[in-house]
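S.K.: Sharing a structure with you now.
The values are calculated or read from the model by the stated rules, or taken from the named source; none is laboratory data. None of the values given here were measured: they were computed from a predicted structure. Using ideal geometry, Cβ is built from the backbone for each residue, glycine included, and neighbour counts are taken over all protein chains shown.
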Amino acid sequence: MANGRWRSARRRRRPGVSPGLLLGGNTGATGLAYGPLVTIVDPAPLADLLGYVGAATPITTAPPVSAPSAVPSEPASPDGQPAGAGRGGAVNSVVNAVWATGGSAATDRDAALDAAFLAASARYWHPVARAADVGAAPVRAELCDVPLVLWRRPASAPGGAAGTVAALVDRCPHRSVPLSGGQVDADGRVRCPYHSWAFDGAGACVDIPQQPGQKIPDLIAARPVRVAEAAGLVWACLADEADEARPRPRFGEIEDLAWPHYVGTVQNWNGQAARQVENFCDIGHFSVLHTDTFGNDEVLAVDPYPVRRTEWTVEADYRYPSVNPVAEPGPDGRRPVGETAFQYRIELPFAVWLGGATGPSTVLFSVCAPTSATTLRLYWMAAFDPAVYGDGPVDGVGLQAVEDRIWAPDKVIVESQRPARVFAADEIHRAFDALGVAYRKALRELGFAG
Ligand code: FES
Ligand SMILES: [Fe+2]
């Protein structure tokens, strides 16, 4: 059971209600080659948007990768392992089996996988910044290899737009300078740092100081990006509404119920977004990787658990004998153990609603954005039911400290995985991997593997 130190580090709870134990997140970029100097602002197909910033052309045929479509009962060998690639195989076979990314064929395959991954990712909403980090000065962000500039319109902005967030592709159409190096004027337009052309939040060029009074053709415009502010984050979708795969996932406890919550610090990982989500939902590693926090090294066995799939979620529940991450050890040298009821709800493709991790009536949100096909930016929030924990502010310092200790080894693991691209890998699955396997299957069905 949680001790007083931990409770005070998290939130003060109401008497008589047990909060359980805190558990938390368990959890190459491609170069830009800018397209035409002047780009039409009108809605364009997704492929045009990606082409605008130089991403590879989305593939239309699946690359030669393999993975199971369902959890194998007891696989005797890695899925997709070629016949005859056994112990006595040639050195090349061994090398190819272990380092599946080697050689030009693998390079071509990786490029195809990356193109598919980015094209699929671009059809969803992803966070691009914490809302608190976007103010009057332009902020640079990255999403699916697309550089973005974000800013918050000032109170003086006309048209009822005061205080709202705007986003453009971070490139001035005049001489390809990043607009994020400029400034926002009193009317809420971003001005380029090179010649001070002004662009509004829709991308329209509204002032060319070198030619005052002249009509500015509509053709002179920066690329607008749709943004929304919710759950403490700024979200963006690179696709036009017609190409959007699904609406932005809602986090009802924050957006609708206004539970007190904390928005954690943001992390950049050199890993693929899909790998991070899978790690966050990997039950089997708790008792191995997280024994310095909540992992219980006396219970490594994972009981069978069902996985549910809905149109946009993959879900599973699991009860785990967690160790209190902040309790002092008892006379036997061990910290107290209590059951944590994890409720996983993966909001496809890269967000996770996780109930119970920081105690009953709490939700931990892990939302990762693919900054490129093989890098990610990780956001997290924690929300607490005021009926249980009161409606006072969340003590983010204590929460952040514990979560940092949990995220750290996960980051090391995900960044170490080779191949980095999950759909380039031939890997073994066991029954306890059911949630991760179902997640991979869902991503495949949505086109993330091509
Ligand atoms: S490069 Fe932006 S105004 Fe000239
Ligand atoms: Fe973990």
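S.K.: Test ARG109 against the stated conditions and say whether it is under 27 Å from VAL277 (Cα atoms) and at pLDDT 95 or above. Steps first, please.
M.R.: Details: under 27 Å from VAL277 (Cα atoms): yes; at pLDDT 95 or above: no.
No: the conditions fail for ARG109.
S.K.: OK, next. Can you name the residue in the stretch 190-215 that is within 12 Å of ligand 1 (Cβ to nearest atom) and touching a strand residue (DSSP E or B) at 6+ places or on another chain (Cβ under 7 Å) and, of all such residues, is nearest to GLU142 (Cα to Cα)? So that I can check it myself, show each step before the final result.
M.R.: Here is the first cut: in the stretch 190-215, the ones within 12 Å of ligand 1 (Cβ to nearest atom) are 190-199, 205, 207-211.
Within this subset, residues satisfying the condition of being touching a strand residue (DSSP E or B) at 6+ places or on another chain (Cβ under 7 Å) are 190-191, 197-199, 205, 207.
On the way: VAL190: 18, ARG191: 20, TRP197: 23, ALA198: 22, PHE199: 19, CYS205: 22, ASP207: 26 Å.
Only one residue fits best here, namely VAL190.
S.K.: Which one is farthest from ALA115 (Cα to Cα) among residues in the stretch 398-421 that are within 16 Å of ligand 2 (Cβ to nearest atom) and among the aliphatic types (A, V, I, L, M)? Quick ask: steps written out before the conclusion?
M.R.: Residues of the stretch 398-421 within 16 Å of ligand 2 (Cβ to nearest atom): 402-417.
If we keep only those that are among the aliphatic types (A, V, I, L, M) too, we end up with 402, 406, 408, 412-414.
Numbers: VAL402: 37, ILE406: 32, ALA408: 29, VAL412: 26, ILE413: 24, VAL414: 21 Å.
It comes out as VAL402.
S.K.: With GLY264, GLY182, GLY203 as the choices, which residue is closer than 20 Å to VAL128 by Cβ, assigned by TED's automatic domain parsing to the domain that holds ASP404 and among the small types (Gly, Ala, Ser)? Even if it seems obvious, please write down each step before you answer.
M.R.: Numbers: GLY182 fails: assigned by TED's automatic domain parsing to the domain that holds ASP404; GLY203 fails: assigned by TED's automatic domain parsing to the domain that holds ASP404.
Criteria check complete, one pass: GLY264.
S.K.: Let me ask you something else. Report those strands (runs of 3 or more DSSP E) wholly inside the stretch 120-229 carrying at least 1 residues which are farther than 27 Å from PHE365 by Cα. Explain how you work it out, then say what you get.
M.R.: Details: elements: 125-130, 139-143, 146-152, 165-169, 205-207.
Because the criterion is at least 1 residues that are farther than 27 Å from PHE365 by Cα, the strands (runs of 3 or more DSSP E) in the stretch 120-229 that meet it are 165-169, 205-207.
S.K.: Name, by its number, the condition in (1) buried (at least 23 other Cβ atoms within 10 Å of the Cβ); (2) under 18 Å from ASP404 (Cβ atoms) that does not hold for ASN268.
M.R.: (1)
S.K.: Continuing with the same structure: When you check PRO386 against the structure, is it of a type outside the set (A, V, I, L, M) and more than 16 Å from ligand 2 (Cβ to nearest atom), yes or no? Don't jump to the end; show me each part of the working.
M.R.: Details: of a type outside the set (A, V, I, L, M): yes; more than 16 Å from ligand 2 (Cβ to nearest atom): yes.
Taking the combined requirement at face value, the residue satisfies it.
S.K.: Let me ask something else about it. How many residues does the stretch 389-442 hold that are within 16 Å of HIS261 (Cα to Cα), hydrophobic (A, V, I, L, M, F, W, C) and surrounded by 17 or more Cβ atoms within 10 Å (Cβ to Cβ)? Please lay out each step first, then the result.
M.R.: First, pick out the residues of the stretch 389-442 that are within 16 Å of HIS261 (Cα to Cα): 389-403.
Next, from what is left, pick out any that are hydrophobic (A, V, I, L, M, F, W, C): 394, 397, 399, 401-402.
Going one step further and asking which of them are surrounded by 17 or more Cβ atoms within 10 Å (Cβ to Cβ), we end up with 394, 399, 402.
Looking only at that region, the number is 3.
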